[in-house]
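The values are calculated or read from the model by the stated rules, or taken from the named source; none is laboratory data. Keep in mind that what you see is a predicted model, and the values were worked out from it rather than measured. Every residue, glycine among them, receives a Cβ derived from its backbone with ideal geometry; neighbour counts consider all protein chains shown. Just the protein is used for accessible areas: all its heavy atoms, side chains included, with ligands, DNA and RNA removed. Shrake-Rupley method; radii C 1.70, N 1.55, O 1.52, S 1.80 Å.
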Amino acid sequence: MDPNGRPYASVIEAIGDTPLVELSRITAGLEGRILAKLDYLNPGFSKKDRIARQIIEDAKAQGSLRPDQTVVELTSGNTGTGLAIVCGLKGHPFVAVMSKGNSMERAAMMSSLGAEVVLVDQLPDSKPGQVSGGDLDLVERETQRLVAERKAFRADQFRSEGNFRAHYLHTGPEFIQQSGGKIDAFCDFAGTGGSFAGCAAAFKEYSPAIQCFVVEPEGAATLAGEPASSPDHRIQGGGYSRSHLPQLRPGHIDGYLKVTDAEAMATARRLAREEGIFAGFSSGANVAAALQLLRTVLPGKTVAVLINDSGLKYLSTDLWSQADLRR
Ligand SMILES: Cc1ncc(COP(=O)(O)O)c(C=O)c1O
């Protein structure tokens with residue numbers, strides 16, 4: 001229902017306003033709270049629906065996206081799913097350019113929603129399920145080629161202000177409103193850094209005391225200034241070994257946290273078993289990082305995290321093991 005008690009005019013209006021849940025089982029025995037925003041409940045089953053809507057609506061309002069113009073985007077699958085929904089409903093053909101290293105559930109979902117999906121081979125040394133910065137460079141090259149060929153509008157989530165604005169105008173304020181402003185810290189696994197940057201800006205505006213931490217994969221903590229000793233991690237959607245992300249405002253970063261693949265996966269499994277929250281690798285990374293904060297520097301505090309996307313997007317991976325299915 002919309003705020004006037006009427007049905008939504010389209011599923012685009014059902015994006016956002018996701019529930020906030022306290023993870024009281026996972027934090028049992030620890031002092032402090034983790035508040036998780038269930039963004040996997042968006043129509044495309046990820047938080048990236050928010051930026052798809054904002055980027056397209058901003059571009060239409062500014063006149064940089066013409067009626068019927070094709071939209072092209074480099075995506076790990078989630079932004080592409082959001083764009084497939086938003087572009088489909090607003091009458092724009094959409095081309096998603098994705099590395100073959102991302103799980104194939106995402107490609108199937110995008111094409112089912114009407115997108116043209118262009119899959120780009122990984123580098124010869126890369127492994128499926130592990131998209132490196134080098135793999136992403138190949139996807140970037142193909143994206144640029146397609147934008148020129150189709151005279152398309154590029155959604156450009158790494159640079160577009162709509163990415164930041166989606167989280168600054170909506171996700172961050174929703175966290176503040178739903179928690180009654182009782183948040184001490186926020187930690188977020190960075191891909192484009194848009195979720196971190198937008199939420200951190202909203203938090204800092206509300207209270208500069210809210211501490212904001214960027215989460216990176218162990219072995220690829222390049223934003224923290226470390227070398228990428230092991231860039232081929234398992235946490236899909238981010239950790240691309242970039243030393244700089246245009247979305248990030250350095251003044252809003254209070255610190256950096258590192259999460260291993262094993263920690264992210266174990267925590268995603270705990271989220272499913274203990275909290276009934278069926279999410280992906282990066283959501284496990286966010287909650288693992290929040291647990292680190294409660295165990296070390298912020299005992300007794302309240303840490304906010306995003307649950308980024310659905311575990312259904314990883315059914316083909318070993319995040320959900322066959323042994324679990326037989327029980
Ligand atoms: C599953 C998942 N987690 C985390 C991220 C990173 O979010 P952001 O790009 O806002 O930093 C993404 C981005 O695509 C994602 O798809």
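Our Cα-only numbers for the stretch 83-160 put the radius of gyration and Dmax at 12.8, 40 Å. When each of the peptides 28-39, 283-294, 3-14 is scored by how many other beta carbons lie within 10 Å of its residues on average, the order from highest to lowest is 283-294, 28-39, 3-14. Remark: relative contact order (the chain) = 20 percent; criterion is Cα-Cα distance under 8 angstrom and separation of 6 or more residues. Solvent-accessible area of residue 240, all protein chains in place: 20 Å² (probe radius 1.4 Å, heavy atoms, ligands and nucleic acids excluded). When the Cα centres of the stretch 102-177 and the stretch 251-324 are compared, how far apart do they sit, in Å? Centre-to-centre (Cα) distance: 22 Å.
Only protein heavy atoms count here; under a 1.4 Å probe, residue 187 has an accessible surface of about 0 Å².
With 0.36 nm allotted per residue and the present C-alpha distance subtracted, the residue 64-residue 315 stretch has 86.6 nm of extension available.
For the stretch 242-312, compute Rh as the Kirkwood radius over C-alpha pairs and then the Stokes-Einstein diffusion coefficient at 37 °C and 0.692 mPa s; write the answer in µm²/s, rounded to an integer.
Details: Rh = 13.2 Å.
In µm²/s, the coefficient is 248.
Need one number: % antiparallel among DSSP beta bridges in the chain, to the nearest 5. Within the chain, antiparallel bridges account for around 20 percent of the total.
At 1.4 Å probe size, with the rest of the protein present, what percent of the exposed accessible area of the chain is carbon and sulfur atoms? Using a 1.4 Å probe with all protein chains present, the chain comes out at 52 percent carbon and sulfur. Listed by chain and number, the aspartates and glutamates whose C-alpha is less than 17 Å from the C-alpha of residue 37, apart from same-chain residues fewer than 8 away, are 17, 22, 49, 174, 184, 188, 274, 275, 309. Counting heavy atoms of the protein chains alone, residue 182 has an accessible area of about 130 Å² for a 1.4 Å probe.
Here the label points at residue 207 and residue 41, each 7 Å from Cα along the C-beta direction, are separated by 2.4 nm in the simple model.
With the charge dipole of the stretch 192-327 set up from +1 on Lys and Arg Cβ and -1 on Asp and Glu Cβ about the Cα centre, the Cα lying farthest toward the positive end among the listed residues 206, 278, 246 is that of 278.
For the chain, the solvent-accessible area works out to 41 Å² per residue, with a probe of 1.4 Å and every protein chain left in place.
For the listed residue pairs 47/151; 48/151; 90/182; 151/313; 48/258, the alpha carbons are over 26 angstrom apart in 47/151; 90/182; 151/313.
The three principal axes of the C-alpha atoms in the chain carry coordinate ranges of 56, 53, 45 Å, sorted with the longest axis first.
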